[in-house]
Amino acid sequence: MSIVAVGINHKTAPVAVREKISFNPDKLSIALQEMLNAVQCREVAILSTCNRTELYLVQDGEFEATQQRLVQWLENFHNVPASTILPSLYWHQDQHAVNHMMRVACGLDSLVLGEPQILGQMKQAYSQAKAAGSMSLVMDRLFQRTFGVAKQVRTETEIGASAVSVAFASVNLAKHIFGSLEKTKVLLVGAGETIELVAKHLYENNVGKITVANRTIARAENMAKQIGADVITLAQIPEHMCNADIVISSTGSTLPIIGKGMVEQALASRKHQPIFMVDLAVPRDIEEQVSELEDVFLYTVDDLQSIIAKNIENRRKAAVQAESIVNNQSDNFMAWLRGLNTQDTVISYRKQCLDNRDVLLEKALVQLKNGKNSEAVIAELATKLTNKFMHAPTSALQSAAQGGELDKLLYLRDIFNIDSTD
């Protein structure tokens, strides 16, 4: 039995190639079932994101034969020549495959080091494989262990603690100043990709209220619907500025949109309650002289880039710790996998049974020495032995039945030689 991970990602192929072998979520269940049969493997799972597509397999037989069948299946399923796919594929087997999966889940193989989204995508891949019935004991255990490693890395290192995008850094700075964002009011100026990311991060941090100002109302409304925000025009900014605790701007304007006088009026209306401002635009959206005002915290994109550079270095240092955790946990998983070897399993099971017997037999002998009726002692010993040996199988059968796991139930009946006619 062998574990294989094969994939294509942002490091090995451009988007023009990656998109050719990405999997539509609506067809993923079909793909998993086809892959099981075509590649002749025991278990399979598929992770498909914008930056990577990876296939995870538990299989028997020769690795080279599996490679050939898998490439042929990919070629047929996606209708893409093997010559287009092969140069971009990477292959990992056994512990290298386990190690790779864990690194991916921890964000150590991501375009942005330590990004957390990939873990959610791996959990989705796990759920889809479970639902499709293409996953069993080994892959299930591997995914569960992988999720545990990702959690450990997030808890014990600083891999995800530092902002490494201007959008994320803006929101992190706001949190640093205000503590909680739940009661803050935010004015976002612009509706491009950067502001959309800022809005997403603010929404995820349960910000109190968001207002989006944009030249084109229709574009701003599309974004606002997703986060429950209000929409205004750029011309309405002066009358709304006084309500904003946080102002973040990123437009394509060639001239500043927010001037020193506009901010002075807003501060007067707010009775000089501070405003946190971030200008992510180049050229500037907010006049440089705004930074001269008291009660204004103004950051530019250059300020954030210096913070981000420092944070990237912090993540690199944390990644060294994370790699050590991954290596240790992949060792532990492979030790568990080796424990599934038939001989080891039989030996362990027999030892467990004999240990249980010896404990109960010792208690019975003590009772006999103390003069207890021999028939009663033998009857009690037989009952306790029977209950002891029935406990694990009974629990497994009940769990499978209650969970509606028919395949597992039939498998257990076969193992314990339970005749349905009895």
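The values are calculated or read from the model by the stated rules, or taken from the named source; none is laboratory data. In this text the structure is predicted, and so the values were computed from the model without any measurement. Cβ coordinates were reconstructed from backbone atoms using ideal geometry, including for glycine residues, and neighbour counts include every protein chain displayed.
Quick notes on this one:
- The residues of the range 249-305 that are in a loop (DSSP other than H, G, I, E, B) and hydrophobic (A, V, I, L, M, F, W, C), listed by number, are Leu255, Ile257, Leu280, Ala281, Val282, Leu293.
- Pairs linking a residue in the range 380-406 that is surrounded by 11 or more Cβ atoms within 10 Å (Cβ to Cβ) to a residue that is among the charged types (D, E, K, R), with Cβ atoms under 7 Å and 6 or more positions apart or on different chains, are Leu385/Arg357; Ala400/Lys408.
- Scope the range 68-103; condition basic (Lys, Arg) and surrounded by 21 or more Cβ atoms within 10 Å (Cβ to Cβ); matching residues: Arg103
- Residue within the range 48-67 that is small (Gly, Ala, Ser), under 22 Å from Leu137 (Cβ atoms) and either modelled with pLDDT of 95 or more or buried (at least 21 other Cβ atoms within 10 Å of the Cβ) (or both) present: no
- Scan of the range 68-113 for residues that are within 20 Å of Tyr126 (Cα to Cα), of a type in the set (Gly, Ala, Ser) and either part of a helix (DSSP H, G or I) or at pLDDT 90 or above (or both), ordered by number: Ala97, Ala105
- Contact map, the range 202-222: first residue at positive phi, second residue surrounded by 15 or more Cβ atoms within 10 Å (Cβ to Cβ), Cβ cut-off under 8 Å, separation 6 or more or different chains; pairs are Asn206/Leu181.
- Matching residues in the range 125-162 - criterion: being closer than 14 Å to Ala319 by Cβ, small (Gly, Ala, Ser) and surrounded by fewer than 18 Cβ atoms within 10 Å (Cβ to Cβ): Ala161
- Unique match (being free of Cβ contacts under 8 Å to residues at least 60 places away in the same chain and in a strand (DSSP E or B)) among Glu34, Glu54, Glu19: Glu54
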